Protein chains: 2
Amino acid sequence: MPYINLDAIDLKILSALQGDGRLTNNELADQVGLSPSPCLRRVRRLERDGFIRTYRAVLDRESVGLGLTVFVEIKVEKHSRDNARALQDALSGMPEVVACHMVSGTADFVAEIVVPNLKAYERMLTEKLLTLPMIGDIRSNFVLTRAKSDAPLPLSHLKRDVRAVGVAPDCE
Amino acid sequence: MPYINLDAIDLKILSALQGDGRLTNNELADQVGLSPSPCLRRVRRLERDGFIRTYRAVLDRESVGLGLTVFVEIKVEKHSRDNARALQDALSGMPEVVACHMVSGTADFVAEIVVPNLKAYERMLTEKLLTLPMIGDIRSNFVLTRAKSDAPLPLSHLKRDVRAVGVAPDCE
DNA sequence: AGTGAAAACCGTAGCGT
DNA sequence: ACGCTACGGTTTTCACT
């Protein structure tokens, strides 16, 4: 794993855009202590080099009628590499699966599934999940209350570079 | 739970903004078949009424040096309401915890924790998690491969309204 | 690398439909 | 409710430091 090529200003940019993805370039330049042109160049570089994957409106699940989130633990039937791969692809391809990870522990995969209600989850389970041949075992963990989700990533581990900047933390 | 007050155009707007949060209002208006003014009015309404929670740059975890994601299953020590509440607040307050849910099943909470590496997780665990008095049991599930994450929400369950629109699906 | 200016573009409000 | 027009601000490029 190569090391990271970000200075203190890049970090500020990432942090600011993570907090508000619709910041205008002018506002952003202001916050990071740069004039608009070099600021824009940096943003484009961060986009091109894959630091910024995309920009997204974060929707409220309940408001748009998605009242049920389920964490599904899945075990692969026969632990072949092909089965695991096929399962991962099948899960990732489903729009209801908003996240899917291969994990250590008792399960092989954890999928986060978002649906309108229990009825919809029942259909999802019986029609799309249980019909997958490579599935060995499924355990559904229903979300009772969502305390936190879609939170920004913690970027403080990069802060070692920030000491180089003599600007006040919040000059807005 | 009240019903949803979104027509086919609102749905298109949400869907488009979920796919690209930096769409200009002009581009958006174009895609949904509206002129800019009513389009902007709708977006503002969707923001005000809480359908759109925020806009965010989605960063690449590996690129910014966050190589390790862990799903932590946590049981509350004594199953009192206060303990559960205190634990939930403590977890939600940690920046490394990017998601935290109370769930049914064997665990009480599932927290998604993002850190640079194993060493950082060890410190997180010993210094911040295990020192919480209301924790009964912890099981750490390390993410081996991330197949999908930060995906857009599935909005197809609202598509019943879309039949009213006679525009081609993709006229860009 | 960063700065500053100029042109094209966009967001927004107001009025008319 | 949608659409048009117009003004002010923003994005973006380009030449210069």
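Here are the numbers for this structure:
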{"read-out": "Cα→Cβ-extended label distance, 7 Å offset, between residue B:48 and residue B:80, nm", "value": "4.5"}
{"read-out": "1.4 Å probe, heavy atoms, protein only - residues of the stretch B:1-31 losing at least 50 Å² accessible area vs chain alone", "value": "B:18, B:22"}
{"read-out": "Semi-axis lengths, Å, the stretch A:68-142, gyration tensor of Cα atoms, sqrt of 5 times eigenvalues", "value": "19, 12, 11"}
{"read-out": "Chain B - charge dipole about Cα centre, Lys and Arg +1 at Cβ, Asp and Glu -1, debye rounded to 20", "value": "300"}
{"read-out": "Interatomic Cα distance distribution for the protein assembly as shown, bins of 20 angstrom, percent", "value": "27, 57, 16"}
{"read-out": "Apportionment of accessible area to carbon and sulfur, the stretch A:68-142, percent (1.4 Å)", "value": "52"}
{"read-out": "Buried solvent-accessible surface, both chains (A, B), 1.4 Å probe, Å² to nearest 100", "value": "6300"}
{"read-out": "Inter-copy separations for residue B:146, label at 7 Å along Cα-Cβ, nm, ascending", "value": "1.8"}
{"read-out": "Under the Debye formula (equal points on every Cα, no solvent term), log10 I(q)/I(0) of chain A at q = 0.15, 0.16, 0.17 Å⁻¹", "value": "-0.94, -0.98, -1.03"}
{"read-out": "Interchain or long-range residues, amide H under 5 Å from residue A:136's placed H", "value": "A:75, A:76, A:77"}
{"read-out": "Residue-count net charge about residue B:130 - beta-carbon cut-off 15 Å; Lys, Arg +1, Asp, Glu -1", "value": "-2"}
{"read-out": "Under 25 Å between alpha carbons - lysine pairs in chain B that sit 8 or more apart or on different chains", "value": "8"}
{"read-out": "Sum of side-chain charges, residue B:146 neighbourhood, beta-carbon under 15 Å (Lys, Arg +1; Asp, Glu -1)", "value": "-3"}
{"read-out": "Efficiency of FRET from Cβ geometry, residue A:128 and residue A:25, R₀ 41 Å, rounded to 0.05", "value": "0.45"}
{"read-out": "Helix B:81-92 vs. chain B, principal-axis angle (Cα, 0 to 90°, nearest 10)", "value": "70"}
{"read-out": "Heavy-atom accessible area, 1.4 Å probe, ligands and nucleic acids excluded: residues of the stretch A:33-62 down by at least 30 Å² from chain alone", "value": "A:51, A:53, A:54, A:55, A:56, A:57, A:58, A:59, A:60"}
{"read-out": "Extended-chain gain in nm, criterion 0.36 nm per residue less alpha-carbon gap, residue B:139 and residue B:118", "value": "6.1 nm"}
{"read-out": "Per-residue HN-Hα couplings for the stretch B:70-75 [Karplus 6.51, -1.76, 1.60; θ = phi - 60°; Hz; x = Gly/Pro]", "value": "10, 8, 9, 8, 10, 9"}
{"read-out": "For the axis carrying chain B to chain A: nearest C-beta residue of B, whole Å", "value": "B:21, 2"}
{"read-out": "Calculated Rg and Dmax of the stretch A:1-58 using C-alpha coordinates, Å", "value": "11.1, 34"}
{"read-out": "Solvent-accessible area, 1.4 Å probe, carbon plus sulfur percent, for the stretch A:1-58", "value": "50"}
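The values are calculated or read from the model by the stated rules, or taken from the named source; none is laboratory data. All of these numbers come straight from a predicted model, not from anything done at the bench. Please note: Cβ atoms are built from the backbone with ideal geometry, for glycine as well, and neighbour counts cover all protein chains shown. Keep in mind that these areas ignore ligands, DNA and RNA; they rest on the heavy atoms of the full protein, side chains included. Shrake-Rupley method; radii C 1.70, N 1.55, O 1.52, S 1.80 Å.
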